[in-house]
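Structure, as structure tokens:
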Amino acid sequence: MSKIKKGDEIVVITGKDKGRRGKVTQVLASGKVVVEGVNVAKKHQRGNPNAGVAGGIVEKEMPIDISNVAIFNPKTGKGDRIGYRVESTGEKRRKVRIFKSSQELVDG
């Protein structure tokens, strides 16, 4: 189970795109995430007139390892680690994500 989910805003902490921020569009089971505007590769694509696909050079977002990203904390303006806390309201319990530095809720 990954601590980073689809829709989270993350910051890249290592690699060629270090310091860039973006929103997670996909979390893969292999421990990788696809982030919009980060780790973009150029793919040479052959055209297919029957399917109506034009050929040329297409930019594609490639997966980046989940260990190379951190969730963005808007209060501090930096990347932060995530932990869990169990909150109970009456009889119901639920596990919520928190920022490790400030112990505040990630989702609101």
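Tabulated data for the structure shown
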| read-out | value |
| --- | --- |
| Whichever lysines have a C-alpha closer than 25 Å to that of Lys43, once near sequence neighbours (fewer than 8 apart) are set aside | Lys6, Lys16, Lys18, Lys23, Lys32, Lys60 |
| All lysines inside 19 Å of Lys100 as judged from Cα atoms, apart from same-chain residues fewer than 8 positions distant | Lys3, Lys5, Lys75, Lys78 |
| Solvent exposure of the chain as accessible area per residue, Å², 1.4 Å probe | 71 |
| Isotropically averaged projected area of the range 6-108, using the convex hull of Cα atoms (one quarter of hull area), nm² | 9.6 |
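The values are calculated or read from the model by the stated rules, or taken from the named source; none is laboratory data. If you're wondering where the values come from, they're calculated on a predicted model, not measured in any experiment. Each accessible area value is taken on the protein alone, full model and side chains, heavy atoms only, with ligands, DNA and RNA left out. Shrake-Rupley method; radii C 1.70, N 1.55, O 1.52, S 1.80 Å.
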